[in-house]
Amino acid sequence: METQIIKFYQTGSFAVGNRLLDESQRSVQANMRRSNSLNSGHRACQGCGEALGARYAIDAAMQATSNQLIAVNATGCLEVFSTPYPETSWQLPWIHSLFGNAAAVATGVAAAMRVKGRQDVRVIAQGGDGGTTDIGFGCLSGMFERNDDVLYICYDNEGYMNTGVQRSSATPPAARTSTTAAIGEEPGNGFGQGKFVPAIAMAHEIPYVATASVAYLRDLEAKVHRAMSLRGARYLHIFVPCPLGWGAASEDTIRLARLVVETGLFPLFEAEHGEVTGRYQIRHRVPVEEYLRLQKRYSHLLGKRPAVATIARIQAMAERNIRRYGLLGEEA
Amino acid sequence: MLKQIEGSHAVAEAVSLCRPEVICAYPISPQTHIVEALGEMVKSGELDRCEFINVESEFAAMSVAIGASAAGARTYTATASQGLLFMAEAVYNAAGLGLPIVMTDANRAIGAPINIWNDHSDALSMRDSGWIQLFAETNQEALDLHILAFRLAEELSLPVMVCMDGFILTHAYERVDMPTQQQVDRFLPPYEPRQVLDPREPVSIGAMVGPEAFSEVRYLAHAKQLQALERIPVLAGEFSTIFGRESGRLVHRYRTEDAETVVIAMGSVMGTIKDVVDEMRASGVSIGALGICSYRPAPLAVIRETVKGARRVVVLEKSLAVGLGGILATDVRMALSGLHLHGYTVIAGLGGRPILKSSLHALFERAGRDELEHVTFLDLNWDVVNRVLERERTTRRSGSIAENVLRDVGVPTASGV
Amino acid sequence: MDKLFAITLDVGSSLANKTGTWRTYRPVYVDRLPPCNNQCPAGENIQAWLYLAEEGRYEDAWRKIMEENPFPAIMGRVCYHTCESACNRGALDEAVGINGVERFLGDQAIKHEWRIEPGSPTGRRVLVVGAGPAGLSCAYHLARLGHAVTVLEGADKAGGMVRYSIPKYRMPREKLNQEIKRIADMGVEIRLSSPVSDLAAEMKKGRYDAAFVAVGAQLGRHLPLPSSGGVAVLDAVQILRDLEHEEAVPLRGRVIVYGGGNTAFDVARSAVRLGALESLVVYRRTREKMPAHRSEIREALEEGVTLRCLSTITEVGTGAVTIERMELDAKGRSQPTGEREMIPATTVVLALGQDTDLGLLTGVPGLRVENGLVQVDRNLATGATGIWAGGDIVPADRNATVAIGHGKKAARQIDAWLRGEVLRRPAKPELASADMMNTWYYSDAPRAIRPILEAVRRTSGFAEVVGDYDEGTALYEARRCMSCGNCFECDNCYGVCPDNAVIKLGPGERFEFNYDYCKGCGVCISECPCGAIRRVPEAI
Ligand SMILES: Cc1cc2nc3c(=O)[nH]c(=O)nc-3n(C[C@H](O)[C@H](O)[C@H](O)COP(=O)(O)OP(=O)(O)OC[C@H]3O[C@@H](n4cnc5c(N)ncnc54)[C@H](O)[C@@H]3O)c2cc1C
Ligand SMILES: Cc1ncc(C[n+]2csc(CCOP(=O)(O)OP(=O)(O)O)c2C)c(N)n1
Ligand code: SF4
Ligand code: SF4
Ligand SMILES: [Mg+2]
């Protein structure tokens, strides 16, 4: 890809658009003719990060493949809010089968395309964190291990939202969900549990693994582009705030997706064949409280008598990520 | 071409003649030989333009099949027993999405206790999944049914499960007449999906449907099976024109015309039953047999028509509706409502227990005298059972029944060692 | 395709579901008032012209300035640019270098000879008295509105104090001349060496329909200092005027400038350039209290000017002056201490402010003068019908930018009056305050430094001290602008809406909300970098 040297411009590449760039260098989302793969009229909650993340990712993939794309969707909010009979919001060929089998269904679609000699048609599987890190994990790992030509996208909102905000293996420590009440010795979700699937994906040594956040659009789109330029199994884990499940204001969706990165709680990086090849360096580092404070699921930590020790443990998690992924660059 | 081969290989060859495009499977006895053979054919290039995918579970197998089929590929998989249950959710889903997948079920019992031998519990557990389920009596029929299954599935846009008795058929070396590629090609046109995932005409498949339309969707699934009831005999007719033999009818009648006793069964046991029928006929007993090939859709009218002149019906099945009795028998009873005849249920051959001719002779004779219980467990070891039950009555014992039975029959159990 | 009933759906079908009904709040695009615009005494729409400059559309940017202010090349040099102190970017890193970009644009216009066409003639005649910034600004705006304007100027050159007081090293004359010439080229008649002594008579004679008076404050303020006559006591305004006329100015030896305003420093810095042995500024209050601009003081010190604060001159002797030390009282006012000291001096220059000479207004009915200032209402109308006044002669801050703003305001009032209308001020939009901004989106970008002429080169002549931005720097600086309160088409709202409820109308056309689908989540409002979207409750 040819790159244009951008003379300094107000927003650089932080905002969605940049009117001073060549059309070819702009974000997909800035394009007047973007595909809006997930169209208006869907029933996601106000400010749903998952709806946003899905459009960001799929639009980018549509652009990367000249619209030769098929999507497979796991059960979950994204599926439910996008395709309640008689209305669908999807503008590309799309199939929903089950909660835990999106990766395998996608393998099947990819196999069909290969056997029919239509390798130009690319396949994406997508699901929530529950559909990915828990119930769909077997199929996901199988797809990885076989190196099937599928990009799997996990929209991580840190819980089973569609069924009423229960804990998943992606729910962070201390967070309240409807199955990890904010009561008892260790209120909210326990520490020392859960899994970080991007790292597990890397252990499969698949061609490409990346994390992204809806607050970093250009980064997200670049990662989708990179993923679509490769063949084989690829994994993209996108952080998507859920205002309903987290007890956050609907307008804070992107702010949260930004703070989680700037605190270090969610590292943005990419890896090829099991090795980290790029990382986002924190731009304005903030303490975790700033992120926690905006969410009712953490309100038991903050009130009048803040749970200092618990917050410190969360801060330590952020610091561990910063160290592990080198999120502060040289000084880290 | 006549061949003396193992049932599994016969099926594998037949599937290969159907030009499948995607095959995905996960190993489980007694299905293994089928997919091993197919895997080899793909790898060797003998079966080209086909993807063979080694998946990580049966759930994935059916899921890959769903994806492949939805994307317009002719798709095949095979499983049995635990595997079928492990993919159960996807089995229903494939039918709901109207995907013409063909799957072999090498029928096998379901645990616990784990048991690799034949009965029909696995297939019958999926009877309401929306799949068409066809039972083969012989290896020849198993082979033929696969060819028919693809044609039927694709015509109706419904998945078809071909059930063949594990080991008894899958592992038996028998002579079969293997059709030629031309014959198969004549019978089975290339797959033209009714709806397909294609960027040229995008659609959303698999919507969430609420109370406002769900009943209609289910009724349409039912109506489709009723259509199959009409199409199966038609296709079987076409089949015999091209291949020169009868295969894949709704039912197979054997000396039922004037029979006072009609024995109803499915699968390979029909061979033994037919032998017994012949022997009893020779000694002047008015008996016949009706083999059900199409278990789903259930050919209720044909069954009724066949048995309406008889005095009694004996349903012999390799399955048990625990706490109720027969599964097939219950279905047959649907066909008999209003007819005044005796109906007997015989549970036989569970977990691979041999069904002996001698036992059948005795059974049918007692049936002829109307001395049979409503539900009979063929060749049950009553000593063991009674001893367990007796003890259970006195001491309510916890733990697995299986272990307790083994203890009673004198086999050392893991916990006993 | 033979689609399954209910299970398979056609694309586009969700458009039937108008999710806009969920909304309790709606986002509405607004244009809020950027603090820079709010602050600019000339009423420039700074954000708007920076926006155009960002795209490299310099001529458009310049024309945007010209809608409010005819002197970007002058303003880009002498304006005290209080806009920059108000700039929201100051809280992020440093204020945008607005003034430098303005100068760049002004110079571009001169270089490329961009012109402004006068409005179509109205047949109305307006008299402007005084060709200072106020008078010329008024003449320019009136000409744009199609009125015939005559400017009567007492001096032999136009420009007022900008020419006769601001030294060349700050305001090169060719730039001044060019910007004035552009106004003359619009058909404005500027009659030089034509002092007006009786306004009423002049109006009658010239049959003017209206007049704007902007004769400035030309008289240097005097202080009766006991003097033995051995040291020359001069007037700052006079010295600067003489400098402009290139007359020999007696700034030699040890020069003491009395006063702490810009005038004092202009003289002190001129003295350095004329080869004075020493140039000392004496001021009675503290350095912090000096009214002179910070940059003015800094540059003066760099050039070798020295300061003596908290000091008054009590007596002018021979070859020396007596200085009394002052100290601050509890209220922070400076009080004499009685401690005195003699310091050597060759010349003393009084830079203690200016007074007006309003003789020409005597006898104008209804016109009121108090404390030497013409009394005007908020529209700059005097008590006399058809006569407006502005600039240094009315009660307001005395600087060129204010004067230019007055000229514009008066012109618009005069125009409305001539058309028999009352000019209605549009309601002032809400201020785009810093808390409405989402500054995350702005790249970290320290301010560009304007090149400064080296001190040694400065002190040896009257070359311009503060250099120009080159194009790259001007562009960079323009692009640092955050476009406070005004959409700059960053596409954020268009991108971040989870419901695609923002319609992008195309370059320059901005956006529209599609209220059929907007659920009112407010993400666009939060993520608009510049605070150009307002949250408005729905009437339910
Ligand atoms: C030394 C010095 C430095 C300054 N530096 C700056 C600076 O850096 N930035 C800034 O913004 N401001 C500066 N100022 C202030 C600024 O110059 C004045 O506020 C501004 O020029 C006022 O404009 P005006 O049009 O009201 O009056 P003036 O500029 O004074 O113009 C009035 C004009 O009217 C003419 N005139 C007077 N009487 C008559 C008459 N009877 N008939 C006809 N014509 C007449 C005069 O000759 C003059 O040309 C400075 C002032 C001084 C003294
Ligand atoms: C086999 C199965 N188990 C459980 C469910 C119920 N279920 C549907 S969606 C869902 C939660 C989805 O969570 P996640 O994948 O994180 O997606 P989200 O809704 O949070 O976007 C659950 C538990 C199901 N549909 N299928
Ligand atoms: S519950 Fe959360 S993930 Fe689901 S639609 Fe609402 S905001 Fe989106
Ligand atoms: S950032 Fe731009 S719009 Fe905002 S105050 Fe500064 S110059 Fe004005
Ligand atoms: Mg989730």
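Please compute the average number of Cβ atoms from other chains found within 10 Å of each residue's Cβ in peptide B:217-225. Before the final figure, lay out the partial values.
Details: counts 5, 0, 1, 4, 1, 0, 0, 0, 0.
Going residue by residue through B:217-225 and averaging, the value is 1.
Give me the distance in nm between label points sitting 7 Å out from Cα along the Cα-to-Cβ direction at C:GLU430 and C:GLU454, one decimal.
With each label placed 7 Å out from Cα toward Cβ, I get 5.4 nm.
Kindly state, to the nearest 0.05, the FRET efficiency for C:LEU219 paired with C:ASN379, given R0 = 35 Å and r defined as their beta-carbon distance.
Values: r = 27 Å, r/R0 = 0.78.
After rounding, the FRET efficiency stands at 0.80.
Kindly tabulate the residues in region C:45-75 with an accessible-area decrease of at least 10 Å² between the chain alone and the assembly of all protein chains, using a probe of 1.4 Å.
C:GLU54, C:GLU55
With θ set to phi - 60° and the Karplus curve 6.51 cos²θ - 1.76 cosθ + 1.60, what are the ³J(HN,Hα) couplings of region C:96-104 in order, to the nearest whole Hz, using x for Gly and Pro?
5, x, 4, 4, x, 5, 4, 5, 4
Please compute the per residue accessible area over the protein assembly as shown with all protein chains in place, 1.4 Å probe, rounded to a whole number of Å².
Values: 50440 Å² over 1289 residues.
On a per-residue basis, 39 Å².
Using only alpha carbon pairs under 8 Å that are at least six residues apart, calculate the relative contact order of chain A and give it in whole percent.
Details: 686 pairs, mean separation 50.3, N = 332.
In percent, rounded to a whole number, it is 15.
Looking at A:LEU92, A:ALA64, C:GLN47, which one has the Cα that reaches farthest to the positive end of the dipole of the protein assembly as shown (charges on Cβ: Lys, Arg +1; Asp, Glu -1)?
Going by the charge dipole, the pick is C:GLN47.
Quick one: what are the phi-derived ³J(HN,Hα) couplings along region C:238-247, Karplus 6.51/-1.76/1.60 with θ = phi - 60°, whole Hz, x for glycine and proline?
5, 4, 5, 5, 5, 4, 5, 7, 6, 8
With a cut-off of 8 Å between alpha carbons and a minimum separation of six or more residues, what is the relative contact order of region C:236-384 in percent? Walk me through the numbers before you get to the answer.
Numbers: 275 pairs, mean separation 32.9, N = 149.
Reported as a whole number, the value is 22 percent.
Tell me the mean residue ellipticity at 222 nm calculated for chain C from its helices only (DSSP H runs of n ≥ 4, each -39500 (n - 2.57), averaged over every residue, nearest 500). All intermediate terms of the calculation are to be shown ahead of the outcome.
On the way: 18 runs with 159 residues, N = 540.
Calculated from helices alone, the mean residue ellipticity at 222 nm is -8000 deg cm²/dmol.
Out of residues 5 or more away from B:THR104 or on other chains, whose amide H comes under 5 Å of its own, with H placed 1.01 Å from N in the peptide plane?
B:THR77, B:ALA78, B:THR79, B:VAL162
Note the full-extension length gain between C:ALA201 and C:VAL422 as 0.36 nm times their separation in residues minus their Cα-Cα distance, in nm to one decimal. Mind dumping the intermediate values first?
Details: separation 221, 0.36 × 221 = 79.56 nm, distance 2.72 nm.
The span from C:ALA201 to C:VAL422 would gain 76.8 nm if fully extended.
Checking an interface number: how much accessible area is buried between A and C, summed over both chains, with a 1.4 Å probe, in Å² rounded to 100? Please list the in-between numbers first.
On the way: alone 15230 and 24960 Å², together 35580 Å².
When A and C are taken together, about 4600 Å² of accessible area is lost.
Could you tally the net charge around B:SER57, taking each other residue with its Cβ under 13 Å from the Cβ of B:SER57, Lys/Arg +1 and Asp/Glu -1?
On the way: positive: A:ARG146; negative: A:GLU145, B:GLU56, B:GLU58, B:GLU89.
Spelling it out: positives minus negatives among the neighbours equals -3.
Let me make sure I get this right: for region B:2-243, a, b and c are the square roots of the gyration tensor eigenvalues over alpha carbons, sorted descending. Under 1.5 in a/c it's rounded, otherwise prolate if a/b > b/c, else oblate. Which is it? Intermediate results must be reported in sequence, preceding the final value.
Values: a/c = 1.43, a/b = 1.23, b/c = 1.16.
Judged from the Cα gyration tensor, region B:2-243 comes out rounded (a/c under 1.5).
I'd like the interface area for chains B and A: accessible area of each alone minus the complex, both sides summed, 1.4 Å probe, protein heavy atoms only. What is it in Å² to the nearest 100? If you can, show how the numbers build up before the last one.
On the way: alone 18900 and 15230 Å², together 31210 Å².
Using a 1.4 Å probe on protein heavy atoms, the buried area is about 2900 Å².
Under 1.5 on a/c is rounded, so check that first for region B:251-377, then, if it is not, pick prolate when a/b is larger than b/c and oblate when it is not; a ≥ b ≥ c are the square roots of the alpha carbon gyration tensor eigenvalues.
Numbers: a/c = 1.30, a/b = 1.04, b/c = 1.24.
Taking the square roots of the gyration eigenvalues as a ≥ b ≥ c, region B:251-377 is rounded.
For chain A, give the percent of accessible area contributed by carbon and sulfur heavy atoms, probe 1.4 Å, rounded to a whole number. Mind showing how you got there, number by number?
Working: 5690 of 11510 Å².
Here carbon and sulfur together make up 49 percent of the probe-accessible area.
Using each residue's phi in region A:300-317, evaluate 6.51 cos²θ - 1.76 cosθ + 1.60 at θ = phi - 60° and report the 3J(HN,Hα) Karplus result to the nearest Hz, with x for Gly and Pro.
Couplings: 5, 8, 10, x, 6, 10, x, 7, 4, 5, 5, 4, 4, 5, 5, 4, 5, 4 Hz.
Which residues, if any, in region A:77-109 have at least 50 Å² less accessible area in the whole protein complex than in the isolated chain, probe 1.4 Å?
Listed in order, they are A:TYR85, A:GLU87, A:THR88, A:PRO93, A:TRP94, A:ILE95, A:LEU98.
What whole number of Å gives the distance from the Cα centroid of region C:138-154 to the Cα centroid of region A:196-261?
63
Compute the Cα gyration tensor for region A:175-332, then decide on rounded, prolate or oblate, letting a ≥ b ≥ c be the square roots of its eigenvalues: rounded whenever a/c is under 1.5, prolate when a/b is larger than b/c in the other cases, and oblate in all that remain. If you can, show how the numbers build up before the last one.
On the way: a/c = 1.81, a/b = 1.78, b/c = 1.02.
Prolate.
Output the pairs from C:LYS408/C:LYS504; A:LYS296/C:LYS519; C:LYS168/C:LYS205; B:LYS3/B:LYS43 with a Cα-Cα distance over 26 Å in this structure; if there are none, say none.
Among C:LYS408/C:LYS504; A:LYS296/C:LYS519; C:LYS168/C:LYS205; B:LYS3/B:LYS43, the Cα-Cα distance tops 26 Å for C:LYS408/C:LYS504; C:LYS168/C:LYS205.
Do any chymotrypsin sites (Phe, Trp or Tyr not before Pro) in region C:108-195 lie in a loop, going by DSSP, with at most 16 other beta-carbon atoms within 10 Å of their beta carbon, and if so which?
Values: sites: C:TRP114, C:TYR140, C:TYR164, C:TYR169; in loops: C:TRP114, C:TYR169.
Hits after loop and neighbour filter: C:TRP114.
What is the distance in Å between the Cα centroid of region C:258-290 and that of region A:281-321?
56
Can you give the relative contact order of chain C as a percent, counting alpha carbon pairs under 8 Å and 6+ residues apart?
RCO, chain C: 22 percent.
Can you compute the charge dipole magnitude of region B:251-377 about its Cα centre, using +1 on each Lys and Arg Cβ and -1 on each Asp and Glu Cβ, nothing else charged? Give it in debye, rounded to the nearest 20. Could the numbers behind the result be given before it?
Values: 15 positive and 13 negative charges, 44 e Å.
Charge dipole, region B:251-377, about its Cα centre: 220 debye, nearest 20.
Based on DSSP, what percent of beta bridges with both residues in chain B are antiparallel, to the nearest 5?
Numbers: 12 of 50 bridges.
Roughly 25 percent of the DSSP beta bridges within chain B come out antiparallel.
Take A:GLU205 and A:LEU328, extend 7 Å from each Cα along the Cα→Cβ direction, and tell me the distance between the two endpoints in nm.
Calculated label separation equals 3.4 nm.
Could you work out what % of the accessible surface of region B:2-243 is carbon and sulfur, using a 1.4 angstrom probe and leaving DNA, RNA and ligands out of the count? Please report the intermediate quantities before stating the final value.
Working: 4460 of 8190 Å².
Roughly 54 percent of what the probe reaches on region B:2-243 is carbon or sulfur.
On a C-alpha basis, how far is the centre of region C:441-502 from the centre of region A:102-133 in Å? Whole number, if you could?
Value for the Cα centre distance between the two parts: 48 Å.
What are the lysines whose alpha-carbon lies under 23 Å from the alpha-carbon of B:LYS224, with same-chain residues fewer than 8 places away excluded?
C:LYS3
Cut-off 17 Å, label point 7 angstrom out along Cα-to-Cβ of C:SER120: give me the residues of region C:181-197 whose amide nitrogen falls inside.
Output list for this probe position: empty.
List the residues, sorted by chain then number, that are 5 or more residues from B:PHE377 or on another chain and whose placed amide H is less than 5 Å from its amide H.
Distant-sequence amide H within range of B:PHE377: B:ILE347.
In what sequence, largest accessible area first, do C:LYS168, B:LYS357 appear using a 1.4 Å probe? Intermediate results must be reported in sequence, preceding the final value.
Numbers: C:LYS168 60, B:LYS357 80 Å².
Ranking C:LYS168, B:LYS357 by accessible area, largest first, yields B:LYS357, C:LYS168.
Given a 1.4 Å probe and no ligands, DNA or RNA in the count, how much accessible surface is buried by C and B, both sides, to the nearest 100 Å²? Show your work: numbers first, answer last.
On the way: alone 24960 and 18900 Å², together 42560 Å².
Looking at C and B, the buried total is near 1300 Å².
Mind listing the long-range amide H neighbours of A:GLY232? Cut-off is under 5 Å, sequence gap 5 or more, other chains count too, H placed in the peptide plane at 1.01 Å from N.
A:ASP149, A:VAL150
The values are calculated or read from the model by the stated rules, or taken from the named source; none is laboratory data. Since the model is a prediction, treat every value here as computed from it, not as a measurement. No Cβ is skipped: glycine too gets one built from the backbone with ideal geometry, and neighbour counts run over all protein chains shown. Remember, those area values only see protein heavy atoms, side chains included, never the ligands or the DNA or RNA. Shrake-Rupley method; radii C 1.70, N 1.55, O 1.52, S 1.80 Å.
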